Amino acid sequence: MKAISYVILQHRDEVLLQLRQGTGYMDGHWSTAAAGHVEPGEAAQAAAVREAGEELGIHIDPAQLQPLCTVHRNQQAGSYVDFFFRTSQWDGVPRLMEPERAAQLRWFPLDALPDNLVEQEDLVLSRLDSDLPPILSMGFGTETPQPQRLD
């Protein structure tokens, strides 16, 4: 099973997304501005900080990362655990550091996200302003049950 950390940069009601290109996976789709595989021996938070530096040229204090949820997904290429984090604080100005892997960066209002989002990221971003369950599943033939509120 592979693990991936995602960083959602949020400023007020907007999130920063990148348009994928040249990666061989979901090219031509929008995705979180920074994401990448968790390396062996690396914590998910550390991978998020590292990816933000490598892909956007910014520094994020790990204490500023808010864990959002985990997506467990099953795809033809294998099984993945995706760790989603959000932050509204970082040092530096986000810019494309790997132009061969991303065509552009753009801020999108949460109520006007692009239609061509990477599926697991759409699952999280479309629920960003609501109560996200701690774990979502996809690709197992059943929907993740929504958590029940006890009132």
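Points to keep in mind about this one:
- Within region 16-28, the set of residues being among the hydrophobic types (A, V, I, L, M, F, W, C) and buried (at least 22 other Cβ atoms within 10 Å of the Cβ) comprises 17 only.
- Looking only at region 92-112, and only at residues there that are without any contact (Cβ under 8 Å) to a residue 60 or more places away in the chain and of a type in the set (A, V, I, L, M), the one that is farthest from residue 50 (Cα to Cα): 112
- For region 133-142, a residue qualifies if it is assigned to a loop (DSSP other than H, G, I, E, B) and modelled with pLDDT of 90 or more, and the qualifying residues are 133, 134.
The values are calculated or read from the model by the stated rules, or taken from the named source; none is laboratory data. All values reported here derive from a predicted model rather than from experimental measurement. Positions of Cβ are generated from backbone atoms using ideal geometry, with glycine treated the same way; all protein chains shown enter the neighbour counts.
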